[in-house]
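Where a number appears in this text, it was derived from the coordinates with a stated rule and is not lab data. Computed from a predicted model, the values in this text were never measured in an experiment. Every residue, glycine among them, receives a Cβ derived from its backbone with ideal geometry; neighbour counts consider all protein chains shown.
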Amino acid sequence: MKIAVGGFQHETNTFAPSKADFQAFAKGGAWPALSRGAEVFEVLAGVNLPCAGFIEEARAGGHQLVPLSWAAATPSAHVTTDAFERIAGQILEDLKAASGLDGLYLDLHGAMVTERHEDGEGELLRRIRDLVGPDLPLVVSLDLHANVTPAMVELSDALVAYRTYPHVDMAVTGGRAYRLLATLMGGRKLAKARRALPFLIPLTSGCSLIEPAQSLYDSLGERESLPGVASLSFSAGFSPADIWHCGPSVVAYGEDPAATARAAAELEQAVLAEEAAFAGTIMSAEQAVAHAIAVSGKARRPVVLADTQDNPGAGGNGDTVGLLAELVRQRAPRAVIGLIFDPVAAERAHAAGEGATLEIGLGAHSGLAGHAPLQGAYRVKKLGDGKFECTGPFYRGARMALGPMALLELGGVEVAVASKKAQLADREMLRHLGVDPEDRGIVAVKSSVHFRADFQPIAEQVVVAAAPGPNPVDHLQLDYRLLRPGVRLMPSGPLSTGPKA
């Protein structure tokens, strides 16, 4: 059969300091740059992304694939109107030119907010349905952190979300989406059921390597194997998105409407039963560094600190220096931190050369209130061009293009600096600068959970640190103004009072 494939991914933190313009998609970075037509197949080959998994399985099934466009940008604040209209326009233009389609697959995130649309995916799907009509089978893969809206469910035939966080199953999810689309193209119809959950889940406690998320996600295969049920997804939601439909949800599909609704309701109750366990605990930067120093002095493996509140994977700019300052203040031995996003510092390091000393203020260029660069005499230890291929489970196959990079040192602490934003979720990001993380006592990463896929196996301990940053773990620190009423801002916490003027 003839299937059109494309993708448009963005995870929008509406509280973040900078927006995603067209160049953010066009230039790429951690993920491939905007591609169109046959180039889509080339840039996604071998990468752990849903569209790559879909393409591989659809080709194995003997189908003819029509590539549209594929685009992704590092999480940030809103997608600009210009970026959304240009990329959505490309997808619609090429879809209009494709004739005789039997199906359509889209690789979306599920938490895109644009300058004009709270529900970016819903708006894109509305335009696509206006073009192709209601009958063309349309399946969408979603991130585990999708804020699934009623429009997304209504305008697609099936939504399929990741089941791991770190997202090591992205390509696998694309394969699951293909199998559902094949079912629909074979003429079978699927009933739908969506249940929205009434509390927000902090990113750090939604990790599928720890409880309660681990058992919930592990149960999905068994739950969807029941008679009459074809697919079941639990999306944890993306909490730093101030929109009406922000929050976790359950979506089910099946040939038996009653069984499908029952599966969704039972999973909803299972999640609600674990609400209190999703609250989690974290340390302050001072506590986390002191703890890491104490543990690393007796351990053979590194302690890994997660600088979660400035995670570029959740909309942070990766340029706050609170945790770095604490590492320096406490004279943390054999410590490295990254990636600090500071293209000016990287440029100056390259101009000065390895071995030079730079008097600079590092980081804090986003203009966040209360943040200032960390002044000091930084020694340039190693330089890199930012081009390398990742090998860890999350970023597997991703061909990085992070611009000029530098390994600096301040007060005995090493600092990995990059010219483009990316969360440190793969050991190759440090190896590119001559750092073997296994040889360090403390490794601090600007990431919330994805780092665990590659770093947890080498870690003595993993500690989440609440250093100052734009993505607070405690949602009570966020000024929600559009969230619907009746949603608990933290597990078992106070309720949202609804939209504010």
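Apply the membrane-span-like helix rule to the chain: whole DSSP H runs, Cα extent along the own long axis of at least 20 Å, mean Kyte-Doolittle hydropathy at least -0.5. List the helices found. Within the chain the helices that satisfy the rule are 81-97, 170-185, 257-273. Fully extending the segment from Lys2 to Thr281 would add 95.5 nm, taking 0.36 nm per residue of separation and subtracting the current Cα-Cα distance. For the chain, the Cα gyration tensor yields ellipsoid semi-axes of 38, 25, 20 Å (square root of five times each eigenvalue, largest first, whole Å). Loop-located trypsin sites (Lys or Arg not before Pro) in region 261-323 (DSSP state other than H, G, I, E, B) with a sparse environment of at most 11 neighbouring Cβ atoms within 10 Å: Lys298, Arg300. Taking the Cα centre of the chain as origin and assigning +1 to Lys and Arg Cβ atoms and -1 to Asp and Glu Cβ atoms, the resulting dipole is close to 280 debye.
Model label sites at Glu85 and Ala270, defined 7 Å from Cα along the beta-carbon direction, differ in position by 4.5 nm. Each of Cys390, Cys246, Cys51 was scored by other Cβ atoms within 10 Å of its Cβ. Listed from fewest to most, they are Cys390, Cys246, Cys51. Sites listed here are trypsin sites (Lys or Arg not before Pro) in region 97-160 whose DSSP assignment is loop and whose Cβ has at most 15 other Cβ atoms within 10 Å: Arg116. Summing +1 for each Lys or Arg and -1 for each Asp or Glu among the other residues whose beta-carbon sits under 15 angstrom from that of Pro485 gives +3.
In this entry, region 368-501 is assigned a mean projected area of 11.1 nm², taken as a quarter of its C-alpha convex hull surface. For region 224-379, the normalised intensity computed at q = 0.12, 0.14, 0.15, 0.17 Å⁻¹ comes to -0.75, -0.87, -0.93, -1.06 (log10 of I(q)/I(0), Debye sum over alpha carbons, equal scatterers, no solvent). Measuring between alpha carbons in the structure, the pairs from Lys19/Lys387; Lys420/Lys446; Lys421/Lys446; Lys2/Lys96 lying more than 21 angstrom apart are Lys19/Lys387.
Of the residues Pro333, Tyr162, His291, the one whose Cα sits farthest towards the positive end of the charge dipole of the chain is Pro333 (charges of +1 on Lys and Arg Cβ, -1 on Asp and Glu Cβ, taken about the Cα centre). What the Kirkwood sum gives for region 1-188 is a hydrodynamic radius of 16.1 Å, with every pair of different alpha carbons counted.
Inter-label distance, Ala377 to Asp436: 3.1 nm, where each label sits 7 Å from its Cα along the C-beta direction. Rounded to the nearest whole angstrom, the semi-axes of the ellipsoid equivalent to region 283-472, taken from the Cα gyration tensor as √(5λ), stand at 21, 19, 17, largest first. Distance from the C-alpha centroid of region 285-340 to that of region 42-111: 37 Å, rounded to the whole angstrom. Give me the percent of DSSP beta bridges within the chain that run antiparallel, rounded to the nearest 5. Looking only at bridges with both residues in the chain, the antiparallel portion is about 40 percent.
With all projection directions averaged, the alpha carbon convex hull of region 308-347 covers 3.3 nm². A straight chain from Arg329 to Ser225 at 0.36 nm per residue would run longer than the Cα-Cα distance by 32.0 nm. Sparse packing (at most 15 other Cβ atoms within 10 Å of the Cβ) combined with a DSSP loop state is found for the following trypsin sites (Lys or Arg not before Pro) in region 433-501: Arg481, Lys500.
Length available on full extension from Lys387 to Ala26: 0.36 nm per residue minus the Cα-Cα distance, which gives 128.3 nm.
The sum of -39500 (n - 2.57) across all DSSP H runs of n ≥ 4, divided by the residue count of the chain, sets its helix-only mean residue ellipticity at 222 nm to -8000 deg cm²/dmol. Label separation (Glu211 vs Glu359): 5.6 nm, computed from points 7 Å beyond Cα along the C-beta direction.
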